[in-house]
1. So which lysines can residue 57 reach, going by Cα to Cα under 26 Å and dropping same-chain residues fewer than 8 places off?
2. Can you list the residues, at least 5 places off or on another chain, whose amide H is less than 5 Å from the amide H of residue 56, using H built in the peptide plane?
3. Sum up the charges of everything whose Cβ sits under 11 Å from the Cβ of residue 29, counting Lys and Arg as +1 and Asp and Glu as -1, but leave residue 29 out.
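The numbers here are math on the coordinates, done by the rules we state, and not lab data. All values derive from a computational prediction rather than experimental measurement. Don't worry about glycine lacking a Cβ; one is built from the backbone with ideal geometry, like all the others, and counts go over all protein chains shown.
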Amino acid sequence: MCAFSTYLSQIFPKNIKEALGYPDWIIAMQEELSQFERSKVWNLVPRPHDRTFIGTKWVFRNKLDGQGQIIRNKARLVVQGYNQEEGINYDETFAPVARMEAIRMFIAFAAHMEFKLSQMDVKSAFLNGFLQGEVFVK
């Protein structure tokens, strides 16, 4: 565990300029971009002048274990939702988050039915969704 923790940044960057000063955060950003490439969720296109664009920003988080130790540096590229206009940029929003009540009910049902449960971390669940239209992001 000690050898692994040397590859994790203890710093929590506030912006991209600060994050680019630390190799650990650069690796986390590269992992995020490689998820986009593997999933083939974007195409680089010339900028059409008749379209509205949504900006992006990087969000940085240190993931902690139960004892409060940093176990992972996580960088996410997210769209700036405040640039969207209803009816123009989006019709609905969705965030794949389970409520605690649903998780408890699922575990109780699995115990009752004697199912075997396993846990997994999905890094990029939103990349598996389908969009009906085009979204231009810069």
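1. Counting by Cα, and skipping residues close in sequence, residue 57 has these lysines nearby: 14, 17, 40, 74, 123, 138.
2. 80, 138
3. Neighbourhood net charge equals -1.
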